[in-house]
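The values are calculated or read from the model by the stated rules, or taken from the named source; none is laboratory data. Bear in mind the structure is a predicted one, so any value in this text is a computation, not a measurement. Positions of Cβ are generated from backbone atoms using ideal geometry, with glycine treated the same way; all protein chains shown enter the neighbour counts. Side chains are part of the model used for accessible areas, which takes the heavy atoms of the whole protein and leaves out ligands, DNA and RNA. Shrake-Rupley method; radii C 1.70, N 1.55, O 1.52, S 1.80 Å.
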Amino acid sequence: PLGLSIHEQNRRSWNAVTPAHNSHKHDQAGFLRGGGSTLFPEELELLGDVAGKRLLHLQCNCGQDSLSLAALGAEVTGVDISDAAIDFARTLSTDSGIAATFHRSDVLPWLEDAAARGERFDRVFSSYGAITWLDDLPRWARGVAGVLAPDGRLVLMEFHPMAWSFDREGKIVEPYFIDGPIEEDGVSDYVGRSAEGLSPMGKVEGAQGFQNPEAAVCYQYTVAQTVQVIADAGLF
């Protein structure tokens, strides 16, 4: 769209929606400072004990999960393409008193550059609605392999793509197999539409009627495609 690369267009869309998302969350710094966590039990189970581990959080968004992991003793590095998200994450780190390092970058070149610099991580973490925004999943998987330490672990939590095929009434609204990019009106204010699950610190009314002025582009990666690129990168 607009002659921009897909990732650059998505950066603009995430920059636009980030203030709306955070407007619905009450006192995030105080929540984290008081020992609160935004992580789900299944994520913690797969990550295992992260105390003292070097942990890379890819597409970390505004850093709430990153800082929740840092509070458990991990040495956390978060990477995200959105300027607004990384600015918020850095401020949240300062205000909560929880240390983490955040980089504003497209994860695909960042992973390759980090591997070339010799950076290695015990855990690489990515969760819920992240890889759908990437236009080259094999490159992503190879990048992850390049930064994993010996005996390191990729922890990927994602929605089953079949979820997008059905509406709330269970009717099929789009096919499971979709080749190529899918252009959307823009990243929506899904935090505003959600229940408390995305706002464990307490939900407030926040922004109303948000309409993203920047389009976004995503991909429908099947489970088989996702597993295959991870296997091809030698991560099994």
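What to note about this one:
- Residue under evaluation VAL187, criteria (1) of a type outside the set (Lys, Arg); (2) over 30 Å from HIS26 (Cα atoms); (3) crowded, with 16+ Cβ neighbours inside 10 Å; (4) in contact (Cβ under 8 Å) with a residue 24 or more places away in the chain, criterion not met: (2)
- Enumeration of residues in segment 44-69 that are without any contact (Cβ under 8 Å) to a residue 40 or more places away in the chain, over 11 Å from the mean Cα position of the chain (by Cα) and at negative phi: LEU44, GLU45, ASP49, ALA51, LEU67, SER68
- Total residues in segment 1-32, condition more than 16 Å from CYS62 (Cα to Cα) and either assigned to a helix (DSSP H, G or I) or under 19 Å from the mean Cα position of the chain (by Cα) (or both): 4
- Test: residue in segment 212-223 that is without any contact (Cβ under 8 Å) to a residue 60 or more places away in the chain and either within 16 Å of the chain's Cα centre (by Cα) or open to solvent by 40 Å² or more (accessible area, probe 1.4 Å) (or both): no
- When each of ALA89, ALA16, ALA100 is tested for being in contact with a Phe, Trp or Tyr (Cβ under 6 Å, 6 or more places away or on another chain) and closer than 30 Å to GLU214 by Cα, the lone residue that passes is ALA89.
- Checked against (1) surrounded by fewer than 16 Cβ atoms within 10 Å (Cβ to Cβ); (2) not in a loop (DSSP other than H, G, I, E, B), PRO175 passes all but a single condition, namely (2).
- Number of the exception - GLN228 against (1) open to solvent by 20 Å² or more (accessible area, probe 1.4 Å); (2) modelled with pLDDT of 95 or more; (3) closer than 27 Å to HIS21 by Cβ: (3)
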